[in-house]
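Coordinate-derived values only; no laboratory data. Everything numeric in this text was worked out from a predicted model, so none of it was measured. Cβ: placed from backbone, ideal geometry, glycine included. Neighbour counts: every protein chain shown.
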Amino acid sequence: MNYGSLLPLVLLAALFYMMTRSSKRRQRAAAQVADALQPGAEIITTAGMLATVRAVDDKNVELEIAPGVVVRFVKAAVARVVPPEVDEDDAPEQSSSPEPDEPTNTTET
């Protein structure tokens, strides 16, 4: 039997499997983002709009895009939740590496 003729078929099957697997992974991640939405969360839509979640129901989410301006989007339009910013006063101290007393000069004059 000539196995050389089966090689393209095996490669196509592997390619199809990898494409559907990554697609399912993206769908699962998008569903997790949509299920985790809560009022008060800062989000970014798939169109790149920054907004604050005001209300969530089964399929839709109400977003405040400006003070007093509330719009309704489908949950699938939410790309990701923006993590809250940490104030500089509340942030833990970052230890910086000590600076050398004298700069090193690698060129000779």
If I ask for residues that are in contact with a helix residue (DSSP H, G or I) (Cβ under 8 Å, 6 or more places away or on another chain) and more than 23 Å from V69 (Cα to Cα), which ones from the range 1-49 would you list? A30
Condition check for F73: in a strand (DSSP E or B) and either surrounded by 10 or more Cβ atoms within 10 Å (Cβ to Cβ) or touching a residue at least 40 places away in the same chain (Cβ under 8 Å) (or both): yes
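Can you tell me which residues in the range 40-61 are in contact with an Asp or Glu (Cβ under 8 Å, 6 or more places away or on another chain) and small (G, A, S)?
If the condition is that a residue be in contact with an Asp or Glu (Cβ under 8 Å, 6 or more places away or on another chain) and small (G, A, S), then A51, A55 are the ones that fit.
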Just name the residue that is farthest from V81 (Cα to Cα) out of those in the range 7-47 that are outside any strand (DSSP E or B) and in contact (Cβ under 8 Å) with a residue 24 or more places away in the chain. A47
